[in-house]
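Structure first, commentary second.
The values are calculated or read from the model by the stated rules, or taken from the named source; none is laboratory data. Quantities reported herein were computed from a predicted structural model and do not represent experimental measurements. Here the Cβ positions follow ideal geometry from the backbone for every residue, glycine too, while neighbour counts run over all protein chains shown. Remember, those area values only see protein heavy atoms, side chains included, never the ligands or the DNA or RNA. Shrake-Rupley method; radii C 1.70, N 1.55, O 1.52, S 1.80 Å.
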Amino acid sequence: MAAHHPRRRRTTTSKSPQDTATATQTAGPRPVGVGATWASLSVLDAAEQAFQLLCAGPLPLAVEGDELGCGLPERPVPLIELREILLSPDATHALRETTWAHLVRNAQTSKPAWVVGAVGMALPGLRAAAGHLAFGYTGEVDDLDAEVLAGFCDRLKTIDPDAGNLAARLIWAAQRAGARLRAKEWDGQTRMVPWRDAAMPTAPARHPDLVLAAAIRDGILTLREATIIGATRLEGQKLRDLAPRFGLTYRQICYLREKAEQRLVAYLTGGSDTESPANRCESGVDRAL
């Protein structure tokens with residue numbers, strides 16, 4: 001069987017995986033002008049350009065600051081300005097929650113421009129997620145970016161606007177979509193290369209999403225445990241805020257995460273705690289004080 005040649009990034013220059021990941025995570029949008037066309041932009045750069053166009057001119061896509069409140073100026077606030085406000089360390093949790101609930105409702109019920117607006121507001125997080133996934137990736141990075149964006153948009157259509165922590169939930173969904181593509185690409189490569197070339201493959205980076213997904217597949221973690229670990233360890237959410245959404249007390253959710261992480265560490269290091277099934281360990285939460 002002929003060797004499988006992994007797809008390469010659509011570029012004329014060769015970059016290391018570290019350079020690729022850094023460029024995906026930190027590069028700003030390339031202007032559409034001399035020497036640049038829409039077709040030459042990455043999907044995330046194209047989304048940024050569309051966002052900037054919607055926020056330009058005499059009638060930019062904007063929210064009414066006096067209606068949202070939370071310290072916003074009492075005037076129409078273009079989304080590109082609102083994004084800078086939310087990225088500021090001074091932005092309150094209430095402002096972020098109120099803004100994203102408004103964005104999600106508009107994206108689900110109003111004109112398609114609000115979908116582009118929500119994507120533009122999330123682009124800093126989407127670039128970071130795509131950058132992490134691109135490290136060591138041997139397929140087309142443009143395809144990976146597209147999958148991350150598609151994962152975000154798919155979740156945007158169905159997420160409950162009142163769920164809370166909407167930005168983190170949407171980025172988490174985008175990251176999972178990219179991780180699935182990466183895992184599929186890796187599986188395809190190991191199947192299509194000759195056995196002598198596959199004997200010592202270069203393993204992909206152990207992205208947290210892939211690790212959690214593998215732990216669920218192998219019965220080490222339940223979906224609830226993996227979600228709590230991902231939300232708190234990767235997204236920075238607080239256990240005290242998450243507990244009511246899972247019908248748990250603060251002490252119960254602490255107990256659940258602690259036991260789950262013990263099993264996850266043992267699973268990753270070859271320890272013995274993996275012998276306790278995840279579902280049996282979850283049943284102990286009800287006995288936690």
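Per-structure values
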{"quantity": "Region 57-175 - percent of accessible surface contributed by carbon and sulfur, probe 1.4 Å", "calculated": "56"}
{"quantity": "Per-residue ³J(HN,Hα) for region 81-88, Karplus 6.51 cos²θ - 1.76 cosθ + 1.60, θ = phi - 60°, Hz, x for Gly and Pro", "calculated": "6, 4, 4, 5, 5, 5, 6, 5"}
{"quantity": "For V63, residues with placed amide H under 5 Å, excluding near neighbours", "calculated": "V77, L79"}
{"quantity": "Computed label-point distance, nm, for sites R224 and T158 using a 7 Å Cα→Cβ extension", "calculated": "2.1"}
{"quantity": "Overall form of region 95-194 per C-alpha gyration tensor (a/c, 1.5; a/b vs b/c)", "calculated": "prolate"}
{"quantity": "Charge dipole magnitude, Cβ of K and R +1, D and E -1 - region 38-175, Cα centre, debye nearest 20", "calculated": "180"}
{"quantity": "Kirkwood-based shape ratio for region 84-124, expressed as Rg/Rh from alpha carbons", "calculated": "1.00"}
{"quantity": "Local electrostatic count at E67 - Lys and Arg +1, Asp and Glu -1, tallied over other residues with Cβ under 12 Å", "calculated": "-2"}
{"quantity": "Per-residue ³J(HN,Hα) for region 158-166, Karplus 6.51 cos²θ - 1.76 cosθ + 1.60, θ = phi - 60°, Hz, x for Gly and Pro", "calculated": "10, 5, 6, x, 9, 5, x, 6, 5"}
